[in-house]
Every structure is written in structure tokens, then in C-alpha cells.
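Participant: The structure is given below, and queries will be raised subsequently.
The values are calculated or read from the model by the stated rules, or taken from the named source; none is laboratory data. Since the structure is predicted, the reported quantities are computational estimates derived from the model, not experimental observations. Every residue, glycine as well, gets a Cβ built from its backbone with ideal geometry; the counts of neighbours run over all protein chains shown. Surface areas here come from the heavy atoms of the whole protein model, side chains and all, with no ligands, DNA or RNA. Shrake-Rupley method; radii C 1.70, N 1.55, O 1.52, S 1.80 Å.
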Amino acid sequence: MASDARAAAPSEEEGAAPAPDSPATGGGKTGPDHDTYRDGHQQQPDDAREERRRERRSRRYRRDVRWSPYAFIAPFFVFFMAFGLFPLLYTGWASLHRVELTAPTDMEWVGLRNFSRLLSDEFFWNALQNTVTIGLISTIPQLLIALGIAHLLNYRLRGSMFFRVAVLTPYATSVAAATLVFVLLFGRDYGMINWLLGQIGIGAVDWQNGTWTSQLAVSTIVIWRWTGYNALIYLAAMQAIPNDLYESAALDGASRWQQFIHVTVPSLRPTILFTCVVSTIGATQLFGEPLLFNGGAGATGGASHQFQTLGLYLYEQGWVNLHLGRASAIAWTMFLILLIIGAVNWVIGRRLRKSA
């Protein structure tokens, strides 16, 4: 029986069909080799998509790194071109024409006549002289006082933050408010300054109508407003000086005053140069203080133009006399003066860097 059953069962040698799950068959689709083949075909498109996605990200990153800085600074250049470069170029073009403020589109070409006229204009030279005088009277004491205040604030004081805010308060005060207060202080009849002078036996001074007195009064306003600002600049520079220099000077027996003269001041030379240039530029553009100090007299700078600055003279020519071409020539002359100041600053700064 067993032998008959074995004889009836077909053998593989005799061509019996293999089992359906045999790996040798070509019709089965669930074998491990087919699964590997199918997974490989699915993985290839996924890898390609991921590679394209990475390339797109890389291109976006490169564009972002390349162009983002320009996008960030673009608003500045847009506003500068609209409110800085265009007015500068238009003013330069108007300075070569005879043009009135009442008809700004009617221009008559005159070339450099507006500039040559300034050379023979006594009021222009008077305004230039007043600007230089007020600039010197205000800048030199201002920076010296600021340097002394910064030196005091550089030491550890109780409530140092309060004093730093206090010295900056005048800078945050409006020009109009500060000037009107000083007009009351320098009043001829009821001013506090004349009252104090009277206490020590000095008669009343007519601060507005005198040449030197009016310039000194205007300079006092500038000194009061800008001393604290420069003091904080000096203070920041002093705090950057290494303490090793002071310790070495102290070991050599130098007093605090000697340390200030031989350590602090030489270390502050670039900062002092910077404040000198900035203060000089500010003095060249001085406008609000002399205008309001004159009261209701307008832009004349006093009855005898005794404290009329270049800014006031420009305003008088352009907006009082309505000569827009002459005012444009004055503005460009002031611009050239500022360029000369900048060139001097560059030369001095270069020599300081070489000497250091």
C-alpha cells in the first residue's frame, strides 16, 4: 500500500509542477526578491524628489544670502534719494539760475553769477564771520566741559546712572523751549543774568543788541544743549581704555591728574577729533538758536546782523527775500565748507593713526 502510494505520487524529476510559493516560479508576486525590486523602484523617485527639493532650498538660500542685505538697506537709499540726493542736485541746478520762490519753474540761466555775487556781498562775509566766531566760542568750552564731566562720571559714583541721564536731559530738550528760556535769562531789564551781575556791582548788559554779548549768549545755549551729549561719547570711549594702563601709571607714581593727562587724553584722540568735527559741522549749520533768540525780528540776526549765521542768511535770502537761486548758492557754499572740514578731518585722522 505504501509502495503504491509512493508510486502514484509524481516526482519532481518527472516534471511535476513546483509549489506556487516557490521562488523559482515567474508567476508569483509576493516573494522577497519582488518586494526588494518594488521597494527599490519606489525609493528612486523619492530620492529624486528629495534631491530636487534640496536644490531649490539651496538656490533660495544662496539668493537670500546674496540679496537680503540689499533689501534691508534699500529703504534708507530710497528715502535718501527722495529727501537727500534729489534736493541736493536740484539745489545745485537752481544755484546756476535766477529763480524766485514765487515762480520756482521760471529759471533764467546765470551760470556762476550767484556764487560770484557772494564774494562781494558784505552780509555773506558777516554771516560767515559770525558763524566761525559762535562756533569757536561754543565748541571749545563745550568739549572741555564735556571731557571733565565724562572724567568724573568714569569713576564709581553713587547714582551714576542718574547723573548720566541728567547730563543728557538738555540734549533731549526742544531747541525752541531751551532758546525761549535763555531769552528770558538774558533779558536786559528783568533777566536773571543781569540780576546776578547787579549783585556784584556790574550794570545791566544789553545781550541782544551787542555784538560779542549776543554771540556769547547764543553760544551759551549751544553749550548747554550739547555738552551732555559729548560727555556721554567721551565716557563710552573712556570705559574702553584698558585698566592696565592706569595700573601701570599708578605703579609709576602718577597721580589721577597725571593719569588723565598722559593716559586718558592720548587714548581719546580719535574720539576728540570726531567730536570736534561733529561740533564744527553743527556750528556751521546753526539756525534755530539765533533765529529764536532774535525774538520777532526775523532772520536778520539782530538790528545790525550781529549774530546772523550762514543758516539765517540762507533763510533770509530764500524765504524772506524770495531769491531761491541765491539761497541755493549759499547752501552749496555751506556744503563745500563741510567738505573741506571733512577733508581736514581725514588728513588729521590719518596722521593720528600713523603716529599711533
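Participant: Looking only at segment 69-105, count every residue that is open to solvent by 100 Å² or more (accessible area, probe 1.4 Å) and within 17 Å of ARG326 (Cβ to Cβ) and tell me the total.
Facilitator: 3
Participant: Just need a number here: residues in segment 293-307 that are open to solvent by less than 60 Å² (accessible area, probe 1.4 Å) and out of contact with any Pro (no Cβ under 7 Å at 6 or more places or on another chain).
Facilitator: 10
Participant: Of the numbered conditions (1) free of Cβ contacts under 8 Å to residues at least 12 places away in the same chain; (2) over 20 Å from TYR234 (Cβ atoms); (3) within 25 Å of the chain's Cα centre (by Cα), VAL175 satisfies every one except a single condition; which is it?
Facilitator: VAL175 satisfies every listed condition except (1).
Participant: Go through segment 120-168 and give me each residue that's within 16 Å of THR280 (Cβ to Cβ), open to solvent by 70 Å² or more (accessible area, probe 1.4 Å) and more than 25 Å from the chain's Cα centre (by Cα).
Facilitator: Scanning segment 120-168 gives a single hit, GLN129.
Let's see how each residue does on (1) out of contact with any helix residue (DSSP H, G or I) (no Cβ under 8 Å at 6 or more places or on another chain); (2) not aliphatic (A, V, I, L, M); (3) not in a helix (DSSP H, G or I):
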position	(1), (2), (3)
ARG52	yes, yes, no
ALA74	yes, no, no
PHE77	yes, yes, no
GLY92	no, yes, no
ASP106	yes, yes, yes
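Let's see how each residue does on (1) open to solvent by 60 Å² or more (accessible area, probe 1.4 Å); (2) assigned to a helix (DSSP H, G or I); (3) not small (Gly, Ala, Ser):
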{"residue": "VAL222", "(1), (2), (3)": "no, yes, yes"}
{"residue": "TRP226", "(1), (2), (3)": "yes, yes, yes"}
{"residue": "TYR229", "(1), (2), (3)": "yes, yes, yes"}
{"residue": "MET238", "(1), (2), (3)": "no, yes, yes"}
{"residue": "SER248", "(1), (2), (3)": "yes, yes, no"}
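Participant: Being open to solvent by 60 Å² or more (accessible area, probe 1.4 Å) and aromatic (Phe, Trp, Tyr) is the filter here; which residues of segment 250-264 pass it?
Facilitator: Hit for segment 250-264 is TRP257, nothing else.
Participant: If you don't mind, there's one more thing I want to ask. What number goes with the only condition from (1) over 30 Å from ILE241 (Cα atoms); (2) crowded, with 19+ Cβ neighbours inside 10 Å; (3) in contact (Cβ under 8 Å) with a residue 40 or more places away in the chain that TRP207 does not pass?
Facilitator: In the conditions (1) over 30 Å from ILE241 (Cα atoms); (2) crowded, with 19+ Cβ neighbours inside 10 Å; (3) in contact (Cβ under 8 Å) with a residue 40 or more places away in the chain, TRP207 misses (3) alone.
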